[in-house]
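Input: a single structure, listed below in structure tokens.
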């Protein structure tokens with residue numbers, strides 16, 4: 001499933017939090033912070049600084065989950081060495097340690113530390129992370145009934161777009177976990193205000209909106225994807241992708257219109273995927289219709305064929321075998337061969353064997369049919385021997401040797417040794433010997449010695 005988002009580690013953690021819900025949010029610190037502080041609090045970098053020893057001890061305590069000790073040491077660092085180069089960042093790390101320690105009193109102390117850092121050390125390297133940590137702390141206080149913190153979260157989520165997009169996204173994420181009913185309208189406002197907000201914020205908002213799907217959310221997705229398309233292609237793609245989770249006739253109508261009208265291949269690809277996820281019989285018919293649409297982009301037709309092959313719908317394999325002869329593009333035929341192989345069953349095997357044996361078929365198709373028969377483990381050693389004997393050209397014989405060499409079928413190594421010993425075609429014999437050389441069968445070494453002596 002291809003669900004690409006233009007976001008760094010910060011954005012990804014925010015999105016994960018939105019999915020995981022309140023419980024996860026209570027266990028995670030600022031957006032850039034993993035489960036321990038060690039990866040974030042760097043090793044002491046000011047070797048001659050008088051605060052280096054206390055900083056290192058505090059960092060070690062943080063790394064070992066000794067949050068109370070770490071908070072005390074970061075505070076002692078400032079008190080003992082107020083001119084230290086670590087003093088500005090120590091406010092942030094002490095606040096982080098208190099946040100990890102948890103509890104209403106610790107949260108409020110942490111907020112005061114962050115306010116002091118912002119006022120007295122605006123140049124500190126941790127200032128950007130501090131703004132996001134503040135949002136996390138306010139979210140925890142809001143969950144504990146702090147009205148001021150809840151108001152602050154809502155205000156930051158609703159503020160017009162500015163430079164601090166990561167902070168606004170953190171606020172939206174926290175708000176949607178805390179009060180979805182209040183957050184969804186704000187997300188909808190973000191997505192409608194296309195001129196005011198950045199594309200990245202809209203794209204992430206689509207994700208958050210999709211986690212709390214209702215009639216209003218679906219309506220927004222339909223607008224973004226088709227009725228009033230977002231100017232940014234990645235936002236449109238995300239909207240189309242999430243329509244795959246909407247089981248409604250209107251969603252199918254929108255996807256059908258998108259496929260008919262869009263000239264954006266990425267959007268069309270997402271629409272095909274979304275149709276493949278629908279249980280509606282009309283969605284299935286649309287997917288098949290696109291596979292047969294001769295004027296459509298061959299890559300997109302191949303994509304439709306792929307999703308048909310991935311389906312567990314009854315008759316998918318039969319449909320693919322039926323349309324094969326009507327296809328002219330060799331790559332589409334190869335996609336059908338692969339999809340038929342993955343559909344499985346005796347009919348698929350019979351059909352693939354027929355493709356491999358057909359000397360009037362394109363050589364690439366014949367080789368692909370053999371390859372996928374091998375990949376699905378459908379061939380026995382007796383069938384390897386029968387096919388090898390039936391093939392007259394060296395390329396197909398070498399292909400059957402390759403397939404046998406990759407096979408787990410009992411007796412495959414014996415078959416390769418037979419060919420290496422008995423065939424009169426030196427190129428085919430060399431190929432058999434090469435693949436035997438890749439085998440870990442203990443009999444192969446002695447067999448190769450016999451070949452050398454002979």
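The numbers here are math on the coordinates, done by the rules we state, and not lab data. On a predicted model such as this, the values are computed, not experimentally measured, just so you know. No Cβ is skipped: glycine too gets one built from the backbone with ideal geometry, and neighbour counts run over all protein chains shown.
Miscellaneous remarks
- Peptides 406-416, 93-103 ranked from most to least packed give 93-103, 406-416, packing being the mean of other C-beta atoms within 10 angstrom over each peptide's residues.
- When peptides 199-206, 48-55, 284-291 are ranked by their average number of other Cβ atoms within 10 Å per residue, the highest-first order is 199-206, 284-291, 48-55.
- Site pair residue 228 and residue 328 shows an inter-label distance of 4.3 nm when each label is modelled 7 Å from Cα along Cα→Cβ.
- Nearest 10 degrees, 0 to 90: helix 426-437 Cα axis against the chain principal axis: 40 degrees
- Added length on full extension, which subtracts the Cα-Cα distance from 0.36 nm per residue, residue 310 to residue 277: 10.8 nm
- Distance in nm between pseudo-label sites at residue 83 and residue 60 (7 Å out along the Cβ direction from Cα): 2.7 nm
- Cα gyration tensor, segment 244-382 - rounded (a/c under 1.5), prolate or oblate: prolate
- Principal-axis analysis of the Cα atoms of the chain puts helix 67-80 at an angle of about 50° to the longest axis.
- Förster-model FRET efficiency, 56 Å R0, residue 248 and residue 364, C-beta, rounded to 0.05: 0.85
- Think of it as helices only: each DSSP H run of n ≥ 4 in the chain is worth -39500 (n - 2.57), and spread over all residues that comes to -21500 deg cm²/dmol at 222 nm.
- Residue 128-residue 354 pseudo-label distance in nm [points 7 Å out on the Cα-to-Cβ vector]: 6.1 nm
- 270, 349, 333 arranged by Cβ crowding within 10 Å, fewest neighbours leading: 349, 333, 270
- Length added when fully stretched, residue 147-residue 285, from 0.36 nm per residue minus Cα-Cα: 44.4 nm
- Oblate is the label for segment 213-277, because a/c, from the alpha-carbon gyration tensor with a ≥ b ≥ c as root eigenvalues, is 1.5 or above and a/b does not exceed b/c.
- Computing FRET efficiency as 1/(1 + (r/R0)^6) for residue 115 and residue 72, where r is the C-beta to C-beta distance and R0 is 22 Å, gives about 0.65.
- Nearest-0.05 FRET efficiency for residue 386 and residue 427, computed from C-beta distance (R0 25 Å): 0.75
- For 305, 258, 323, 186, order by how many other beta-carbon atoms lie within 10 Å, fewest first: 323, 186, 258, 305
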